[in-house]
Amino acid sequence: MELGPGAFHLPHYLSIERQAALLAQCRALADGDVPAYVPVVRGGGKMHVRMLCLGRHWNGKTYRYEPTRSDFDDLPAPPLPEEFRRLAGEIAASAGMSLDADLCILNYYDADGKMGLHQDKDEGPESIEAGLPVVSISIGDTARFLFGGVRRREPIESLLLESGDAFVFGGPARLRYHGVSRIIPGSAPPELGIDGRFNLTFRKY
Ligand code: SIN
Ligand code: MN
């Protein structure tokens, strides 16, 4: 399903078995030696997610990537698992694009989780100018996802991202504004046994 040039929603991309396997990995990572945390951003506000960056750390104070979490605990970002990298490449290819991801931002949203409208523009200029896609995967509760234009004032459409859905935005869509206005509690597939939502976004720095 194309939402304009370079933007694709791939509903039910992952089978329930693949969702369960990915969920187990997300949980182990989020509660691992380098745990997910609630970032405090530039203006001093707390984000409404728990975040863990893999491969490279996104610093919420500087909006730059770095090897260690200098805005939080100075721990090194855990490596991006090889199977995560492969999965992101496979999804990009399904949307007719290619991605050799070197980082992933894993976010956990509880029932009150949300994310304001923003652009993903902190990756390297070569990556952004080439329009290398951001690949997103959602597991757990359904999210209301907002997708605007490349300028903040452009109209914003809203769609539901359900468990197992993938979303890809690259090429002319790479800098489109997006966010999550709400999580729908209790909407995850019961077999997964999850409250809340994990979202993984893969990028190449
Ligand atoms: C993000 O833009 O970083 C997350 C998007 C999502 O949770 O679907
Ligand atoms: Mn984003």
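Here is the figure for the stretch 112-143: residues that are away from ligand 2 (no atom under 15 Å from the Cβ) and touching a strand residue (DSSP E or B) at 6+ places or on another chain (Cβ under 9 Å) total 6. All of S127, S158 fail the test of being in contact with a Phe, Trp or Tyr (Cβ under 8 Å, 6 or more places away or on another chain) and exposed (fewer than 14 other Cβ atoms within 10 Å of the Cβ), apart from S158. Do you know which residues across the stretch 88-100 are crowded, with 21+ Cβ neighbours inside 10 Å, under 16 Å from the mean Cα position of the chain (by Cα) and more than 19 Å from A24 (Cα to Cα)? Passing the criteria: I91, A92, L99.
Against the numbered list (1) under 20 Å from I137 (Cβ atoms); (2) surrounded by fewer than 19 Cβ atoms within 10 Å (Cβ to Cβ); (3) among the basic types (K, R), R85 comes up short only at (2). Taking the stretch 89-205 as the region of interest, the strands (runs of 3 or more DSSP E) fully inside it that hold 2 or more residues being closer than 21 Å to A77 by Cβ and in contact (Cβ under 8 Å) with a residue 24 or more places away in the chain are 103-109, 115-118, 134-140, 197-203.
Every number in this text was worked out from the coordinates using simple rules, so none of it is lab data. In this text, all values refer to a predicted model and were calculated from it rather than measured experimentally. In this analysis, Cβ positions are derived from the backbone assuming ideal geometry, glycine residues included, and neighbour counts consider all displayed protein chains.
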